[in-house]
Every structure is written in structure tokens, then in C-alpha cells.
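Student: What follows is a single structure, and I will ask about it in a moment.
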Amino acid sequence: MKKSDLTKIREMNDEELDKKLDDLKKELFNLRFQHAINQLENPMRLKAVKKEIAVVKTIMRENEIKNAAVAADA
């Protein structure tokens, strides 16, 4: 994943991150299904989607911690 992609993800709000996570999970499901019936064209895409899901979840958690710290200071 490129730095520009990470920057775009970090700029997303919570709703956009939730939507992206849902889309990635649907894509992963479809890829696993294709893999099960031996129609998967690019098996490396499985690994890439899993990694993207991890990145999105990590950024969501960072935002959650940041928001909790701001609320505690107020």
C-alpha cells in the first residue's frame, strides 16, 4: 500500500471508514468464494485485501483513541 493511499484513508471520517471496511469485507468474501471454486485469477489479491482491512481497522482504532483523549481533556 502506497503512502498516498494511507493519506487518503487517514483523511476519511468514521462513516467513510465504515463503508470502506464493509466494501473490503465483501470483496474478501467474494475472493474466498472464487478461490474455493478455483476461479480466482489473482490469488495475491486475497493477501492485499486482508492487509487493507487491517490498515482500515488500525486507523479506526487510532481515531478512537485520539477522540477518547480529547474527550478526557475536556
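Student: What Rg and what Dmax come out for the stretch 1-42 when only alpha-carbon atoms are used, in angstroms?
Tutor: Just the Cα atoms of the stretch 1-42 yield Rg and Dmax of 13.5, 37 Å.
Student: Additional query: What's the FRET efficiency of Asp18 with Ala54 using the Cβ-Cβ distance as r and R₀ = 22 Å, to the nearest 0.05? If you can, show how the numbers build up before the last one.
Tutor: Details: r = 16 Å, r/R0 = 0.71.
The value I calculate is 0.90.
Student: So how strong a dipole does the chain carry about its Cα centre when Lys and Arg Cβ are +1 and Asp and Glu Cβ are -1, to the nearest 20 debye? Mind showing how you got there, number by number?
Tutor: Working: 16 positive and 14 negative charges, 94 e Å.
The calculation lands at about 440 debye.
Student: Pick from Leu28, Leu40, Leu17: which is most flexible by mean-square fluctuation in a GNM of the chain where alpha carbon atoms under 10 Å apart are linked?
Tutor: Ranking Leu28, Leu40, Leu17 by mean-square fluctuation puts Leu40 first.
Student: Still on this structure, I have one more. Find the percent of Cα-Cα distances in the chain that exceed 15 Å, and round it to a whole number.
Tutor: The answer is 61 percent, as a whole percent.
Student: What's the angle, to the nearest 10 degrees (0 to 90), between helix 44-73's Cα axis and the longest principal axis of the chain?
Tutor: Once rounded, the angle reads 10 degrees.
Student: Taking the Cα-to-Cβ direction at Lys2 and at Leu46 and moving 7 Å from each Cα, how far apart do the two end points lie in nm?
Tutor: Distance between the two pseudo-spin positions: 2.7 nm.
Student: Please identify, among Asn42, Asn13, Asn30, the residue showing maximal mean-square fluctuation in a Gaussian network model of the chain using a 10 angstrom Cα cutoff.
Tutor: Result for the chain, Cα springs under 10 Å: Asn42 fluctuates most.
FYI, it's all coordinate maths here, none of it is from the lab. Remember, it's a predicted structure, so these values are computed and weren't measured experimentally. Ideal geometry is used to build each Cβ from the backbone, glycine not excepted, and the neighbour counts take in all protein chains shown.
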